[in-house]
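Have a look at the structure below before the remarks.
Since every read-out is calculated from the coordinates, none of them should be taken as a lab result. Since the structure is predicted, the reported quantities are computational estimates derived from the model, not experimental observations. Ideal geometry is used to build each Cβ from the backbone, glycine not excepted, and the neighbour counts take in all protein chains shown.
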Amino acid sequence: MKGKKAQLSGQVIQMIPRVFFLVVVLLSIVLVVKSFIVTAIDIRKLEADIFTERLLYSKSGIVFYDESLDRSYPGVVDKQKFQSLSKINPNLLDSVFAVKGSENQVLAAKLTLIEKEDPSKGTSVAYYNKDHYDRWEPRTLSTVTGGSAQVGYFMREIPVIIQDGNTINKGKLRLDILTSK
């Protein structure tokens, strides 16, 4: 027969693998749970996509809008409307189109309309939130301090039909969208 101390030490030695296995299981559960917890969600691409859709489908955007039918034509850009945005006031799109206007600290965009038949003749540029665009554009470079991690750059080229009065031409709309974190 063994003494009480010998029996107790034998039980402790048998418990060591069980405790080790329990610790491994608990740590793996903690790691799995932590891997599924999202602490930050990057919605910059979503914001850029929503801005693009609002710009292309809203009657207050740049699309051709027929007042007699109360209908906007997605994919058809009104060149006169676009040029008035670019020449009259560079911040006109802020007040006409967007909710936050020039106070928007999240998004800025440069819109370039290019005619396919004659790209040199038909290039027009308009801005949404031009002040912030000019401030954020250099920060899209990864070499600049506080650069690419703070400002997201999304570029989209969309084939469109350009309506200029009674003439219709093929073209493309280039959107350079900058979003801040």
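Approximating the spin labels as points 7 Å out from Cα along Cα→Cβ, the Glu137-to-Gln11 distance works out to 7.9 nm.
What FRET efficiency comes out for Arg174 versus Arg71 if R0 is 25 angstrom and r is the Cβ-Cβ distance? Round to the nearest 0.05.
Numbers: r = 26 Å, r/R0 = 1.03.
Working from the Cβ atoms, E equals 0.45.
Taken along the Cα-to-beta-carbon direction at a fixed 7 Å, the label points for Thr123 and Met155 span 1.3 nm. Taking 7 Å steps out from each Cα toward its Cβ at Lys45 and Asp164 produces label points 3.6 nm apart.
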